[in-house]
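The values are calculated or read from the model by the stated rules, or taken from the named source; none is laboratory data. Since we're looking at a predicted model, the values are computed, not measured. Here the Cβ positions follow ideal geometry from the backbone for every residue, glycine too, while neighbour counts run over all protein chains shown. When the accessible area is computed, the model is the full protein with side chains, heavy atoms only, and any ligands, DNA or RNA have been set aside. Shrake-Rupley method; radii C 1.70, N 1.55, O 1.52, S 1.80 Å.
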Amino acid sequence: MTQRVLLSVSAVALLAAFGFSAVPPAAAQSASPRTAWGDPDLQGFWTNTTTTPLERPADLAGREFLTEEEWAERNPGSGISAFNAGPTGAYNDFWLEKGDLSMRTSLIVDPADGRLPAPTEAEAARREAERARLGDGGRPRDSWVDFSTYNRCISRGMPSGMMPGFYNHNYHIVQTPDHVVILVEMVHEARIIPLDGRSHLPAAFRQWMGDSIGWWEGDTLVVETVNLRHGHSEDGGVRVVERLTRTDADTIDYRITVHDPRLTAPWTALLPMAAMEDVLYEYACHEGNYSLANMLAGARADERAAAEGAR
């Protein structure tokens, strides 16, 4: 994990980094730094850490932006409160990269209400069946397959891998004339994106982070990802389109659109990336991670206790 102390910044600097400038990317293209071969230069270390929620809170319905007073009230400087992952809690919140709140009320900018589109009828029925299976807050622990690939330290998948959260949402971008590589600190995943005009792999080739290809539209890098592997929270029918435009030395305008057949419409989030001076360290999730074995062992212990009680 990146080990650093988050420096306090002025409100002006904060809004520049996470304030979602109203100036469209095209207006800033002339200032975009260039590589030695002439492409827009996206290289460097970047972070999109923020406490702005993905969906607009109900009490801010119809509101695209906070007032300065609301921002100050909702962003007291502590960001996220002490980390508590359930009845047993967690070790501490030292590793949390708390980020700051933007003036926007949600990361989602389309649909206009700042909320995820409604699920299809089939997806709504599937979710209801899953809730019935889980019971009141219960989580089956029959085997390792009941855990997500994220909890199993395998992958966050897409679009989750590019979304901010509670820590490690930092990225190292490297370019060549025909490839862009995005190293994601969380779960230590490297996205190798060809720019040579090739087509996607056949649909049978599913991957945790999907199959990505990219191209330039003016000064904007467009990346399309398909063939997401089944078994993650996102499945193979999802198509993700990302747009990265460097607007100045310290900012990448990053927009991600998700076409999910389980939802009634696509959705788009705006996630500005701010330059950072730190480097990325290996996220060795498996090292010393006893949680899966312990949770499965705990479930078996609960089952034995219930059997003894029945007798």
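Brief remarks on what is shown
- Number of the condition not met by A297 [criteria: (1) free of Cβ contacts under 8 Å to residues at least 40 places away in the same chain; (2) part of a loop (DSSP other than H, G, I, E, B)]: (2)
- Entry remark, the stretch 107-136: residues being within 22 Å of M163 (Cβ to Cβ) and free of Cβ contacts under 8 Å to residues at least 60 places away in the same chain number 5 in total.
- Per the conditions (1) at pLDDT 95 or above; (2) touching a Lys or Arg at 6+ places or on another chain (Cβ under 9 Å), the sole criterion not satisfied by G214 is (2).
- Checklist (1) over 17 Å from G161 (Cβ atoms); (2) of a type in the set (K, R); (3) open to solvent by 40 Å² or more (accessible area, probe 1.4 Å) applied to R243, failing item: (1)
- Restricting the stretch 211-221 to residues that are surrounded by 15 or more Cβ atoms within 10 Å (Cβ to Cβ) and hydrophobic (A, V, I, L, M, F, W, C), the residue that is farthest from R246 (Cα to Cα) is I213.
- You will find that of A265, A284, A293, A275, the residue that is within 19 Å of T50 (Cα to Cα) and small (G, A, S) is A275 and no other.
- For the stretch 40-62, a tally of residues being open to solvent by less than 20 Å² (accessible area, probe 1.4 Å) and assigned to a loop (DSSP other than H, G, I, E, B) returns 5.
Matching residues to (1) within 24 Å of A269 (Cβ to Cβ); (2) at pLDDT below 80; (3) touching a helix residue (DSSP H, G or I) at 6+ places or on another chain (Cβ under 7 Å):
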site	(1), (2), (3)
S10	no, yes, no
F18	yes, yes, no
P25	yes, yes, no
T47	yes, no, no
F94	no, yes, no
K98	yes, yes, no
R104	yes, no, no
I108	yes, no, no
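- When the criteria are applied in full, M209 fails the requirement of being under 16 Å from R255 (Cα atoms) and within 17 Å of the chain's Cα centre (by Cα).
- None of A293, A274, A305, A301 is of a type in the set (A, V, I, L, M, F, W, C), open to solvent by 60 Å² or more (accessible area, probe 1.4 Å) and at pLDDT 90 or above except A305.
- Residue within the stretch 230-238 that is within 21 Å of the chain's Cα centre (by Cα), β-branched (V, I, T) and more than 18 Å from Y150 (Cβ to Cβ) present: no
- Residues within the stretch 281-290 that are more than 16 Å from Y150 (Cβ to Cβ) and surrounded by 11 or more Cβ atoms within 10 Å (Cβ to Cβ), tallied: 1
- Only one of R206, R152, R156 that is modelled with pLDDT under 95 and in contact with a helix residue (DSSP H, G or I) (Cβ under 6 Å, 6 or more places away or on another chain): R156
- Considering (1) free of Cβ contacts under 8 Å to residues at least 60 places away in the same chain; (2) open to solvent by 30 Å² or more (accessible area, probe 1.4 Å); (3) within 26 Å of F147 (Cβ to Cβ); (4) not aliphatic (A, V, I, L, M), the lone condition that R262 does not fulfil carries the number (1).
- Qualifying residue in the stretch 190-210 (condition: closer than 19 Å to T268 by Cα, open to solvent by 20 Å² or more (accessible area, probe 1.4 Å) and not small (G, A, S)): yes
- Residue check, H179 touching a residue at least 24 places away in the same chain (Cβ under 8 Å) and open to solvent by 40 Å² or more (accessible area, probe 1.4 Å): no
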